[in-house]
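The values are calculated or read from the model by the stated rules, or taken from the named source; none is laboratory data. Quantities reported herein were computed from a predicted structural model and do not represent experimental measurements. Neighbour counts run over all protein chains shown; Cβ positions are idealised from the backbone, glycine included.
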Amino acid sequence: MTKKFVVLLFLLLCASSMLCAQTPAGTAPAAADWAVPVSAGFAMAIASGLCGLAQAKAIAACAEGMARNPGSADNIKFALLLGLILIESLALYTLVIIILKVK
């Protein structure tokens with residue numbers, strides 16, 4: 001299993017230089033015009049889905065923490081809000097990059 005994996009990794013690394021080669025200057029790749037909006041849609045879907053999962057886990061942990069220790073509810077709420085802001089920024093950064101790239 002490991003030997004097959006190493007051979008596959010080696011072949012992938014050898015092929016990556018040919019797969020990722022740049023086109024000559026002045027020629028625009030016509031076949032890749034559809035790839036940017038499609039990949040942008042997938043990127044936004046993945047980012048939004050992962051943000052939703054992370055926010056659900058953060059809220060569940062916050063509720064559990066406040067149930068176990070009601071005296072520190074204010075500190076937990078502040079940490080929750082800060083965490084939710086940082087989690088949501090992932091989706092917003094992805095959206096900004098998509099807006100800049102897809103024209």
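For this structure, a couple of remarks:
- Among the criteria (1) at pLDDT 85 or above; (2) surrounded by 12 or more Cβ atoms within 10 Å (Cβ to Cβ), the one TYR93 does not fulfil is (2).
- So LEU80, is it within 30 Å of LEU100 (Cβ to Cβ) and assigned to a helix (DSSP H, G or I): no
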